[in-house]
C-alpha cells in the first residue's frame, strides 16, 4: 500500500511538473508573440512616417515651378536626402517582412515549428512519465531508498574520519608549537651560558689562571656540541 501511494504521489508530482513546463513554454511563446507584435507595430509606424514624409516631399515638389524642381533635383543635398529616405524605406520594409516572418513562425499552431517542437516535447515527457510509473511499480523506489541509505552511511563515515584527522592535526600543531617554544627557550639559555663562560674565560686569561691546553678547547666548544645534539634531538622528536 505504501508503494502504491508513493507511486501515485510520484505520478502526481511528475504530472504537475509537466503542466508547469507546458505552462512556462506557452507563457514564453505568448511573450515572444507579444514582443514581435510590438516590433511589427513600431515598424508599421516607422513605415507610415516615412511614407508621410515622402508624400510631403512630393507635394512640396509638385507645388514648385519647373525651374525650382530642376534646381532642387540638381542640388546634391536634396539628392542625398532622397537617397537616404529611399534606403530607410527599403530597410523598414525588409525589417517589417522579417518581423512578420518571425511572428508567423512563432504562432502556436499544430502545423507551426514551435507547435511541432512543443508536441514532441509533450510526447517525450509522457513517455518519461510512463517509464517512471513502470519503475515505481517494479520496485525501483525501494532500490533507490537502499542506495540513498548506503550513501548516507558512507557520508557519515567520511565525516567521522575527517573529524578524527582534523583533531589529530590539531594535536600535532599544538605539540609542534610547544616544542618550538621549548627550543627557543633552551637556545636563549645556552646563549646566556655561552656569554657567561666567555666572560669567565676572559677574566681567567687576564689573570693568567687558564691553562694553555684548556684555552685551545674551551667550554664554549663543548657547549656548542651539546647545543647541536640538543637541536638534533628536538628536531627528531618534532618530526
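Look through 35, 26, 49 and report the one residue that is modelled with pLDDT of 80 or more and within 30 Å of residue 123 (Cβ to Cβ).
Answer to the selection: 35.
Can you spot a residue in region 83-96 that is assigned by TED's automatic domain parsing to the domain that holds residue 25 and at pLDDT below 80?
The answer is yes; a qualifying residue exists.
Can we say residue 214 is assigned to a helix (DSSP H, G or I), modelled with pLDDT of 85 or more, surrounded by 10 or more Cβ atoms within 10 Å (Cβ to Cβ) and more than 37 Å from the chain's Cα centre (by Cα)?
So residue 214 fails the test.
The values are calculated or read from the model by the stated rules, or taken from the named source; none is laboratory data. Nothing here was measured: the structure is a model prediction, and the numbers come from that model. Glycine also receives a Cβ, built like all others from the backbone with ideal geometry; neighbour counts cover every protein chain displayed.
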